[in-house]
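Remarks on the structure that follows.
Laboratory data are not the source of any read-out in this text; all were calculated from the coordinates shown. Remember, it's a predicted structure, so these values are computed and weren't measured experimentally. No Cβ is skipped: glycine too gets one built from the backbone with ideal geometry, and neighbour counts run over all protein chains shown.
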Amino acid sequence: MKNKLAKLKYMPNNFQIIEEGDHVICAISKKIIPLENLNYWNVDKQEAYFSYVESSIERENKDN
């Protein structure tokens with residue numbers, strides 16, 4: 001599954017793999033996130049974030 005985009009369902013404490021792959025794309029920075037490094041996502045928007053930085057940007061955008 002090298003270099004294949006995964007399709008995930010993001011849940012409150014984990015995610016479910018809908019389509020096999022090895023990475024997802026950050027909704028903010030568009031960086032590739034290997035699934036083994038995926039720690040930040042938004043359940044309501046079903047979006048992944050590369051790090052706490054991008055996650056914080058999303059939270060700030062939501063508050064404005």
Item checked: Residue (of ASN14, VAL24, SER55) at the positive-pole extreme of the chain, dipole from beta-carbon charges -> VAL24
Margin query: Just to be sure I understand the model, the point goes 7 Å from the Cα along the line to the Cβ. What's the resulting MET11 to ARG59 distance in nm?
Written below: 2.4 nm
Next item on the list: Count neighbours as other Cβ atoms within 10 Å of each site's Cβ, and list the GluC sites (Glu not before Pro) in the chain that are DSSP loop with at most 14 such neighbours.
Entry: GLU20
Next item on the list: Could you give the size of the charge dipole of the chain about its Cα centre, using +1 on the Cβ of each K and R and -1 on the Cβ of each D and E, expressed in debye and rounded to the nearest 20?
Entry: 160 debye
Notebook entry, point to check: HIS23's amide H: which non-local residues (gap 5+, or another chain) put their own amide H closer than 5 Å, with H modeled 1.01 Å from N in plane and none for Pro or chain starts?
Noted result: LYS4, ALA6, LEU35
Check: Taking Cα pairs under 8 Å and at least six residues apart, what relative contact order does the chain come out at, in percent?
Finding: 25 percent
Next item on the list: Starting from one equal scatterer on each C-alpha and no solvent at all, send me the Debye-based log10 I(q)/I(0) for the chain at q = 0.17, 0.19, 0.25, 0.29 Å⁻¹, two decimals.
Entry: -0.53, -0.66, -1.08, -1.36
Next item on the list: State which stretch of the chain is the longest one without any exposed trypsin sites (Lys or Arg not before Pro), exposure meaning a DSSP loop state and at most 14 other Cβ atoms within 10 Å.
Entry: 5-29
Checklist line | Between 0 and 90°, nearest 10: helix 52-63 axis offset from the chain longest Cα axis | finding: 50 degrees
Checklist line | Linear extension gain, LYS45 paired with ILE32, 0.36 nm per residue minus alpha-carbon span | finding: 2.9 nm
